[in-house]
Each structure stands twice: as structure tokens, then as C-alpha cells.
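Beneath this line is the structure, given in C-alpha cells, with notes to follow.
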Amino acid sequence: MHSMNRVAAGVLLGIGLCAQPLLASAAPGVSIQSERAAHPRIVEAIHNMKEALREMEAAPDDFGGNKAAAIADTRRAIHSLKRALYFRLKMDDEAIDRAE
């Protein structure tokens, strides 16, 4: 192969590697399902926090102005737990938020 062609092929391969989805760098065999199965207590905590979030959102009182902050804090806590649960998958924040 001509040296220019090797350089061009290397550049094209490099571009292809950069275009891979974030999940491609996760360890083989690691998936959302496998992480959830491996850490049922974290999954349960996320479920419980989502339930508490629904209760707060549905509450008719603003709890002395603290309801909005509690809702925001709970959403951040859910995201943090999901980030911890799925860290091996190297997901970005949007993918973490979409994951169930």
C-alpha cells in the first residue's frame, strides 16, 4: 500500500472510531439490564424516589415554599443514583435520564 494511502486509511479509521456511540466503550457484556440485575437495591431506591417525587408533585400544599426545592433535589438525586448505577456504560446525561 502506498504510504499516502496508509495515512488516509488511518485517518478514516480514526474518524470511524470517534463516531462510535458512547456505549461501545463499555465492557463487553455490560448492559442496562445487567447493571440493574447486579444492583437491585439501587434500582429499588430509584423506584422509591420516583414514587416520592410523584407524591410531592401531586401534593396540594407547597410546604412553606419548600416543595419546589424538594422536587428539584429529588430529581437530582435520582439522576445521581442512575449515574452511579450505569457508570460502567459510560453514558452521557441524556442517555442516563432516558434509561429506566
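Here are a few things to note about the model shown:
- Of all residues in segment 41-94, those satisfying the criterion of being within 24 Å of P28 (Cβ to Cβ) and β-branched (V, I, T) are I42, V43.
- Residue match in segment 52-73 (condition: within 23 Å of S34 (Cα to Cα) and over 9 Å from the mean Cα position of the chain (by Cα)): no
- Taking first residues from segment 76-96 that are within 10 Å of E35 (Cα to Cα) and partners that are in a loop (DSSP other than H, G, I, E, B), the Cβ contacts under 8 Å between residues at least 6 apart in sequence or on separate chains come to L85/H39; Y86/A99; R88/A26; R88/A27; R88/V30; L89/A26; L89/V30; L89/S31.
Any read-out appearing in this document is the output of simple, stated calculations on the displayed coordinates, not a laboratory observation. These figures come from a predicted structure and were not determined experimentally. No Cβ is skipped: glycine too gets one built from the backbone with ideal geometry, and neighbour counts run over all protein chains shown.
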